[in-house]
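The structure appears right after this line, and notes come after that.
Computed from the coordinates by the stated procedures, all read-outs in this text should not be read as laboratory data. All values derive from a computational prediction rather than experimental measurement. In this analysis, Cβ positions are derived from the backbone assuming ideal geometry, glycine residues included, and neighbour counts consider all displayed protein chains.
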Amino acid sequence: MRLRVGIIGAGVMGADHARTLATIDGAELAGVYDPRVSGPHAVSSAAALIDAADAVIVASPDDTHAEYVLACLAAGKRVLCEKPLATSAADALRLARADPAGLVQVGFMRRYDPGYVELKRCVDAGGLGTPLLVHCVHRNASAPPAFDSEAQLLSSATHEIDAVRWLLDDEFAEVTVHTRPGHGPQFLVLRTRGGVLVDVEVFVHARYGYDVRCEVVGESATAALRQPAGATVWRDWRDRFAEAYRAELRHWIDGGPGPTAWDGYVATAVAEACVTALHSGARTTVSLASR
Ligand code: ISE
C-alpha cells in the first residue's frame with residue numbers, strides 16, 4: 001500500500017519535495033494544492049487535498065503554515081510542515097498543544113544530514129568529553145531584498161537553533177545578537193542551560209555560495225561537521241542538503257519520529273528572543289512554556 005502524499009504549496013520547497021517524492025518507494029503524489037497553479041496534479045482546495053491524501057506536506061508561504069497544519073490535525077492526517085511551524089511562538093505553542101498524538105513533524109532537515117548525524121553520534125558517545133563550545137556558520141549566497149534582519153533570524157538561524165538543541169540535547173537560556181548596519185552578517189552568542197557557549201554567524205549575502213559549518217568543542221576533543229563529497233561551494237540549501245531532504249522524507253513516509261511541533265515551538269520562541277536581542281542590543285533571556 002503506497003502512502004498517498006498531498007503537497008500544499010508548489011513554490012521552491014513544494015516543488016523540491018514533489019521531485020524527491022517521485023523517487024521514493026512506498027509513496028505517491030495524491031495531489032498538489034496551490035491557488036497559483038493548475039495542472040495534472042492540481043487540487044481545487046486545501047480541504048479537498050487533505051481529504052484525498054493519507055499524509056500532507058505543508059510547503060506554502062510561512063504565514064499559512066499554522067492554518068494548514070490545524071486543518072490536517074482536524075482531519076487526523078500526519079503532516080510534515082516546512083519550517084517555521086508558525087510565524088509566532090504563541091501560534092506554534094497552540095499547535096504543539098493541539099497535537100498530543102504527535103501527527104506533526106517540522107522540516108528541520110539537518111537532523112537527517114549524514115554529517116550532522118555523525119556529529120551527534122560523536123557527541124552522544126562522549127568522544128569529545130563534556131561539550132564546551134559550538135561554532136556555527138550559516139551563509140547564503142544571496143537573499144531577496146525583503147529578507148531583512150528579522151527574517152535572517154526567524155528563517156535562517158532557526159536551523160542552527162534546532163540543530164544545536166538536538167546535538168546537545170539541551171535548551172538555550174540566553175542570547176545576544178551583534179550585527180552591522182543594513183543586511184550585513186549577524187553574530188549570535190547563545191548560552192545553553194547546560195552552560196555551553198554557542199556562536200552562530202548568519203550571513204545571507206555571502207556571494208561566493210551556500211556554506212554551513214558546525215564544530216563542537218569538548219573538554220577532550222573537537223569534531224566538525226563533515227561536508228558532503230563533491231562540490232565545495234553550493235548554490236543553496238536544496239543542493240547542500242539534498243541527501244538530508246531525501247532522508248527526512250523517507251523517514252517521515254516510514255512513520256519514524258522526527259522534529260515535533262514542540263521542537264517547532266521552541267525554535268520559533270528562541271528565534272523571537274534573538275529578534276528581541278537584535279533590537280535591544282542586550283543579552284536576552286529565553287523563556288519557554290512548560291511542556
Ligand atoms: C531558507 O528558508 C532555509 O530554510 C534554508 O535552509 C536556509 O539556509 C535559508 O537561509 C532560509 O532562508
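Can you tell me the orientation of helix 65-74 relative to the chain, as the angle in degrees between its alpha-carbon axis and the longest Cα principal axis, to the nearest 10?
Long axis of 65-74 versus the principal axis of the chain: about 50 degrees.
If you place +1 on the Cβ of every Lys and Arg and -1 on the Cβ of every Asp and Glu, how big does the dipole about the Cα centre of region 8-89 come out, in debye to the nearest 20?
Working: 5 positive and 10 negative charges, 3 e Å.
The calculation lands at about 20 debye.
Give me the Å³ per residue figure for the convex hull around the C-alpha atoms of region 102-242.
125
If you average the alpha carbon positions of region 242-267 and of region 1-67, how far apart do those two centres end up, in angstrom?
About 16 Å separates the Cα centre of region 242-267 from the one of region 1-67.
Note the direction-averaged projected area, equal to a quarter of the hull surface, for the Cα convex hull of region 145-199, in nm².
Working: hull surface 14.7 nm².
Mean projected area for region 145-199: 3.7 nm², to one decimal.
Taking the Cα-to-Cβ direction at ASP169 and at ASP63 and moving 7 Å from each Cα, how far apart do the two end points lie in nm?
Taking the simple label geometry, ASP169 and ASP63 are separated by 4.0 nm.
In Å and from the alpha-carbon atoms only, list the Rg and Dmax of region 192-256.
15.3, 39
Would you mind checking the tilt of helix 261-280 against the longest principal axis of the Cα atoms of the chain, expressed as 0 to 90 degrees and rounded to 10?
Helix 261-280 sits roughly 50 degrees off the main axis of the chain.
Using each residue's phi in region 2-11, evaluate 6.51 cos²θ - 1.76 cosθ + 1.60 at θ = phi - 60° and report the 3J(HN,Hα) Karplus result to the nearest Hz, with x for Gly and Pro.
7, 6, 8, 9, x, 10, 9, x, 10, x
Can you tell me the orientation of helix 242-253 relative to the chain, as the angle in degrees between its alpha-carbon axis and the longest Cα principal axis, to the nearest 10?
50
Counting only Cα atoms, I'd like the Rg/Rh figure for region 38-160, Kirkwood definition for Rh. Don't jump to the answer; show the numbers that get you there.
Working: Rg = 17.7 Å, Rh = 17.0 Å.
Ratio of gyration radius to Kirkwood radius: 1.04.
If the viscosity is 1.002 mPa s and the temperature 20 °C, what Stokes-Einstein diffusion coefficient in µm²/s follows for the chain when Rh is the Kirkwood radius over Cα pairs?
Translational D for this selection: 110 µm²/s.
For region 30-111, which trypsin sites (Lys or Arg not before Pro) are both in a DSSP coil and crowded by at most 12 other Cβ atoms within 10 Å?
ARG36
Please state the shape class of region 83-144: rounded when a/c is under 1.5, otherwise prolate if a/b exceeds b/c and oblate if not, all from the C-alpha gyration tensor. Don't jump to the answer; show the numbers that get you there.
Values: a/c = 2.28, a/b = 1.42, b/c = 1.60.
Oblate shape, in that a/c is at least 1.5 and b/c is the bigger or equal ratio.
Out of region 140-221, which trypsin sites (Lys or Arg not before Pro) are coil in DSSP terms and have no more than 11 other C-beta atoms within 10 Å?
Details: sites: ARG165, ARG191, ARG193, ARG207, ARG213; in loops: ARG193, ARG207.
Qualifying residues, ordered by number: ARG207.
Would you calculate a helix-derived [θ] at 222 nm for the chain, using -39,500 (n - 2.57) for each DSSP H run of n ≥ 4 and dividing by the full residue count, to the nearest 500?
-9500 deg cm²/dmol
Along the Cα→Cβ direction, 7 angstrom out, place labels at ARG238 and ARG291. What is the inter-label distance in nm?
Using points 7 Å along Cα→Cβ, the separation is 3.5 nm.
Charges only on Cβ, +1 for Lys and Arg, -1 for Asp and Glu: so what's the dipole of the chain about the Cα centre, in debye to the nearest 20?
On the way: 28 positive and 35 negative charges, 42 e Å.
Dipole size: approximately 200 debye.
Out of residues 5 or more away from VAL106 or on other chains, whose amide H comes under 5 Å of its own, with H placed 1.01 Å from N in the peptide plane?
CYS81, THR260
Distance between Cα centroids, region 134-176 to region 210-230: provide it in whole Å.
The two parts, judged by their Cα centres, are 16 Å apart.
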